[in-house]
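Encoded as structure tokens, the structure appears first; notes follow it.
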Amino acid sequence: MALPRLLRVLPRALPALARALHRAVPGVPDFNSFVTRTNTCGELRSAHVGQEVTLYGWVQYQRQGLFLILRDFQGLTQIVIPQDEAHSHVKKLLSSAPVESVVRVTGIVSPRPPGQENPKMPTGDIEVKAETAEILNSSKKLPFELKDFVKKSEALRMQYRYLDLRSFPLQHNLRLRSQVVMRMREFLCNLHGFVDVETPTLFKRTPGGAKEFLVPSREAGKFYSLPQSPQQFKQLLMVGGLDRYFQVARCYRDEGSRPDRQPEFTQIDIEMSFVDQAGIQRLIEGLLQYSWPEERGSITAPFPSMTYEEALADYGTDKPDTRFGMKRYLKKKDLQSLKESAKSQFNQEIVEIICRPDGSLKSLLTKFLGEKQQSELIQVLNMQVDDVVLLAAGEHKQVCSALGSLRLGSADLLEAAGLVLRDPAAFHFLWVVDFPLFLPKEENSTELESAHHPFTAPHPSDAHLLYSDPTKVRSQHYDLVLNGCEVGGGSIRIHSAELQRFVLEKVLKEDSEVLSHLLQALEFGAPPHGGIALGLDRLISLIVDAPSIRDVIAFPKSFRGRDLMGNAPDYVTPEELEPYHIQVSWPLEEKEAKQN
């Protein structure tokens with residue numbers, strides 16, 4: 001009698017046995033530990049037929065009172081709604097459950113009838129015949145359909161972000177992001193001895209860089225500032241002998257949002273002692289290779305490198321997209337559109353040159369050029385039949401920027417016409433190096449500002465120019481570019497207090513007292529050090545081919561920097577502001593609106 005009893009018990013014991021075996025395999029996640037479900041909605045297969053399972057999930061939809069599709073983070077399972085009188089309560093409950101209600105279902109895994117398999121679903125060979133069920137939370141009618149991920153407006157998605165998060169695209173993006181970060185931690189901490197250190201998010205205002213968010217304190221007239229990055233803290237950690245630091249760091253900039261930028265964002269922040277530029281680059285190449293998702297292929301290292309001057313001269317930008325070349329085939333209306341764009345955006349006139357099939361040139365310029373000069377122009381530009389060349393004249397950087405923008409505009413026009421130039425499955429990394437250390441200020445060209453930040457060390461070959469002609473000094477800064485987007489930037493730092501003070505006071509005309517804590521630290525045996533920060537949001541958005549970083553952030557801000565779900569920022573009453581010694585001077589129209 002023992003054997004038949006064992007056979008009856010075995011199917012019910014299999015899920016527990018499977019979980020025990022699952023836990024015994026290191027590195028394999030167990031999604032069903034610590035909870036009362038036996039399986040997720042995405043894992044049942046033909047091998048589970050005959051087992052009794054308990055599933056939890058959301059009602060995706062139900063068909064004619066016969067079938068219900070249950071969804072969780074991992075996938076979908078078809079539930080068969082019982083039709084017999086003995087299960088009338090279960091039938092009534094599941095047939096009337098509103099879409100997106102949370103449901104528990106217990107039943108037997110069965111093969112789908114022949115011809116009813118769904119090869120598009122990983123669970124398409126089976127279904128679960130419900131025996132018991134419970135509606136854990138009934139849902140109101142949703143403001144949008146979850147499957148309509150692309151069509152619904154971004155503002156509506158962000159207002160109901162907790163609903164948007166249920167969609168498979170966002171589930172995939174956030175889980176992939178988590179996996180990439182975990183692999184980065186393994187590479188840095190476990191393989192290369194980095195220390196994960198949290199740094200303060202309440203600090204003080206410092207010179208240079210982007211605008212910072214101010215946070216009031218209870219000391220009259222005194223404010224904290226949210227840091228743009230942990231730059232100073234990670235340098236101080238090197239002075240403190242930590243040697244190798246990293247952090248998944250929250251950063252804040254009081255700037256307008258763009259598809260690849262928002263007020264708060266995340267960096268993989270790294271700093272090392274006794275390292276040079278080549279060492280940092282090798283580290284990052286290894287880090288990205290180690291953490292790169294298998295589903296996106298593989299990446300090869302070392303990444304190619306290009307100087308800032310080369311990038312500007314050849315591509316018109318310091319973050320070139322190297323997935324496509326320079327030569328273009330454009331229609332007359334396309335050329336006109338590009339010329340109008342250059343005029344409106346850069347106040348730049350553009351002249352085109354077209355190489356005809358007979359080898360002659362078609363351009364307004366030809367009436368000023370003899371045959372010999374035209375021939376030399378063809379040779380210099382290496383023009384082939386049907387090539388289009390866009391020329392501009394003026395200040396070097398402005399001309400390069402205009403032509404670089406037109407290059408990308410040309411790609412947009414051609415891809416709109418059906419020509420694939422920028423394969424989203426291709427990942428072209430590029431190091432851009434030898435940036436200028438200083439640039440003229442936009443508001444006053446006679447004054448200088450840091451091209452990146454004031455802690456960047458000069459190029460050793462140019463260090464002597466710092467005291468005679470700082471505009472010609474190259475920096476030890478390096479940017480990592482992926483498919484035309486800057487995904488990382490770093491530098492070798494100034495570790496001499498004397499040099500740092502000179503840069504601040506004499507070159508940048510800044511009050512060095514604001515940075516007295518850093519200058520003092522550099523006087524106490526600061527080691528040579530350098531680092532980099534990878535923009536995690538941008539990197540993940542490129543990996544998953546998302547149009548915006550908001551598609552890889554759980555709770556992003558809107559294009560104007562607002563939280564549309566929680567309605568932040570929000571007003572604070574005068575009574576709440578009183579401990580901070582702050583009074584708000586309202587614009588007249590806002591004051592009247594609040595009074596009404």
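The values are calculated or read from the model by the stated rules, or taken from the named source; none is laboratory data. All values reported here derive from a predicted model rather than from experimental measurement. When we count neighbours, we look across all protein chains shown, and the Cβ atoms used for this are built from the backbone with ideal geometry, even at glycine. Keep in mind that these areas ignore ligands, DNA and RNA; they rest on the heavy atoms of the full protein, side chains included. Shrake-Rupley method; radii C 1.70, N 1.55, O 1.52, S 1.80 Å.
Quick rundown of the values:
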{"quantity": "By accessible area with a 1.4 Å probe, ligands and nucleic acids excluded, highest first: order of LYS557, LYS141", "calculated": "LYS141, LYS557"}
{"quantity": "Accessible surface of VAL180 - all protein chains present, 1.4 Å probe, nearest 10 Å²", "calculated": "10"}
{"quantity": "³J(HN,Hα), Karplus 6.51/-1.76/1.60, whole Hz, each residue of region 469-485, x for Gly, Pro", "calculated": "8, x, 5, 9, 7, 7, 9, 8, 9, 9, 10, 9, 10, 10, 6, x, 10"}
{"quantity": "Per-residue HN-Hα couplings for region 520-537 [Karplus 6.51, -1.76, 1.60; θ = phi - 60°; Hz; x = Gly/Pro]", "calculated": "5, 4, 5, 7, 10, x, 6, x, x, 7, x, x, 7, 10, 9, x, 5, 4"}
{"quantity": "Largest-first ordering by accessible area, 1.4 Å probe, given options GLU212, GLU309", "calculated": "GLU309, GLU212"}
{"quantity": "0 to 90° range, to nearest 10: angle between helix 332-346 axis and the chain longest Cα axis", "calculated": "70"}
{"quantity": "Residues whose placed amide H lies under 5 Å from that of VAL487, excluding near-sequence neighbours", "calculated": "LEU480, VAL481, LEU482"}
{"quantity": "For ARG328, distant residues with modelled amide H under 5 Å away", "calculated": "VAL388"}
{"quantity": "Rounded accessible area of THR446 (nearest 10 Å², 1.4 Å probe)", "calculated": "120"}
{"quantity": "Spin-label pair GLU295/ALA463, simplified geometry with 7 Å Cα→Cβ offset, distance in nm", "calculated": "4.9"}
{"quantity": "Computed FRET value (nearest 0.05) for LEU242 with ASP276, which takes r as the C-beta separation and R₀ as 25 Å", "calculated": "0.85"}
{"quantity": "Between region 218-284 and region 37-95, the Cα center-to-center distance that results, in Å", "calculated": "48"}
{"quantity": "Lysines whose Cα lies under 28 Å from that of LYS92, excluding same-chain neighbours fewer than 8 positions away", "calculated": "LYS129, LYS140, LYS141, LYS147"}
{"quantity": "Residues with amide H under 5 Å from that of GLU131, placed H, sequence gap 5 or more", "calculated": "THR106, GLY107, ILE108"}
{"quantity": "FRET efficiency, ALA554 to HIS192 (Cβ-Cβ, R0 22 Å, nearest 0.05)", "calculated": "0.15"}
{"quantity": "Entries of LYS397/LYS509; LYS211/LYS557; LYS333/LYS362; LYS472/LYS506 with Cα pairs more than 19 Å apart", "calculated": "LYS397/LYS509"}
{"quantity": "Estimated [θ] at 222 nm from DSSP helical runs (n ≥ 4, -39500 (n - 2.57)) normalised by residues in the chain, nearest 500", "calculated": "-8500 deg cm²/dmol"}
{"quantity": "Region 389-456: trypsin sites (Lys or Arg not before Pro) falling in loop per DSSP and having at most 12 other Cβ within 10 Å", "calculated": "LYS441"}
{"quantity": "With all protein chains modelled, accessible area of GLU575 [1.4 Å, Å²]", "calculated": "130"}
{"quantity": "Sequence-distant aspartates and glutamates (8 or more away, or on other chains) whose Cα lies within less than 14 Å of LYS91", "calculated": "GLU131, GLU134"}
{"quantity": "Structure-derived Rg/Rh (Cα atoms, Kirkwood Rh) - corresponding label in (1) 0.94; (2) 1.01; (3) 1.05", "calculated": "(3)"}
{"quantity": "Electrostatic dipole magnitude of region 507-593 [Cβ: Lys, Arg +1; Asp, Glu -1; Cα centre; debye, to 20]", "calculated": "480"}
{"quantity": "In Hz, Karplus ³J(HN,Hα) per residue of region 566-572 (6.51, -1.76, 1.60; θ = phi - 60°; x = Gly, Pro)", "calculated": "x, 6, 10, x, 10, 6, 10"}
{"quantity": "Apportionment of accessible area to carbon and sulfur, the chain, percent (1.4 Å)", "calculated": "54"}
{"quantity": "Nearest-0.05 FRET efficiency for ASN347 and ARG45, computed from C-beta distance (R0 60 Å)", "calculated": "0.45"}
{"quantity": "Where labels lie 7 Å past Cα in the beta-carbon direction, separation of GLN373 and LYS147 in nm", "calculated": "6.6"}
